[in-house]
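First the structure, in the form of structure tokens, and then the observations on it.
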Amino acid sequence: LQIMGFKMKDRGSLLGIHPASTVNRPVFVKELEGGVGAEANRDGTTFLSPKVKGKDIKTVIEHEDVHHDQMIQGRLAYTHDNVMWKKSTRAPLQVFARENLKDGDPNFAWEKEAYNKEKNG
């Protein structure tokens, strides 16, 4: 009689919670559209594409953490239709129609901050 062994998944794996999660910033694995590697959500969660692998996981999560910080500071917000940005908490609010934006475009100020963090740690 041979008994086949199997490994049970932990709760996080069953729920799609990525091991890179922290208490304040849970990371969920989710298929994302348009080749996007990750998304920072207004509720503090991050969606991570299953296509992101290895050391790139840390890089994309750190990038999205910059966006979370920008949102907490009241400098970045978004709706389905618009992205709202303030260079500083005292700067005037700028509103950009999302239909005219390409997600992750490094030419936008909020993305420049996140890409600079990647380069400079």
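Cβ-Cβ under 7 Å, sequence separation 6+ or interchain: first residue in region 82-93 and free of Cβ contacts under 8 Å to residues at least 24 places away in the same chain, partner among the hydroxyl-bearing types (Ser, Thr, Tyr). Which pairs?
So the pair list comes out as 84/78.
Out of the residues in region 26-50 that are part of a loop (DSSP other than H, G, I, E, B) and open to solvent by 50 Å² or more (accessible area, probe 1.4 Å), state the one that is nearest to residue 64 (Cα to Cα).
Looking only at region 26-50, we keep the residues that are part of a loop (DSSP other than H, G, I, E, B), and these are 26, 30-32, 36-37, 41-45, 49-50.
Within this subset, residues satisfying the condition of being open to solvent by 50 Å² or more (accessible area, probe 1.4 Å) are 30-31, 42-43.
Numbers: 30: 15, 31: 16, 42: 11, 43: 13 Å.
The qualifying residue nearest to residue 64 (Cα to Cα) is 42.
When region 96-121 is examined, which residues are found to be open to solvent by 90 Å² or more (accessible area, probe 1.4 Å) and free of Cβ contacts under 8 Å to residues at least 60 places away in the same chain? Explain how you work it out, then say what you get.
Initial filter on region 96-121 (open to solvent by 90 Å² or more (accessible area, probe 1.4 Å)): 99-100, 102-103, 107, 112, 117, 119-120.
Listed by number, the residues that qualify are 99, 100, 102, 107, 112, 117, 119, 120.
Of the residues 40, 114, only one is at negative phi, in contact with a strand residue (DSSP E or B) (Cβ under 8 Å, 6 or more places away or on another chain) and not basic (Lys, Arg); which? Let's see the steps before the verdict.
Details: 114 fails: in contact with a strand residue (DSSP E or B) (Cβ under 8 Å, 6 or more places away or on another chain).
It is 40.
Considering each of 89, 79 in turn, give the residue that is exposed (fewer than 13 other Cβ atoms within 10 Å of the Cβ) and under 22 Å from residue 48 (Cα atoms). Spell out the reasoning first.
Values: 89 fails: under 22 Å from residue 48 (Cα atoms).
One residue alone meets the criteria, 79.
Within the set of pairs 6+ apart or on separate chains, which have a first residue in region 56-74 that is in contact (Cβ under 8 Å) with a residue 12 or more places away in the chain and closer than 15 Å to residue 119 by Cα, a second that is among the hydrophobic types (A, V, I, L, M, F, W, C) and part of a helix (DSSP H, G or I), and C-beta atoms under 9 Å apart?
Sorted first by the residue in region 56-74, then by its partner, the pairs are 62/114; 63/114; 64/114; 65/114; 66/110; 66/114.
Those residues that are closer than 20 Å to residue 35 by Cα and modelled with pLDDT of 95 or more, I need them from region 67-80; list them, please.
Selection gives 67 alone.
The values are calculated or read from the model by the stated rules, or taken from the named source; none is laboratory data. In this text, all values refer to a predicted model and were calculated from it rather than measured experimentally. All Cβ positions, glycine included, derive from the backbone under ideal geometry; neighbour counts span all protein chains shown. The area values use the complete protein model at the heavy-atom level, side chains included, leaving out ligands, DNA and RNA. Shrake-Rupley method; radii C 1.70, N 1.55, O 1.52, S 1.80 Å.
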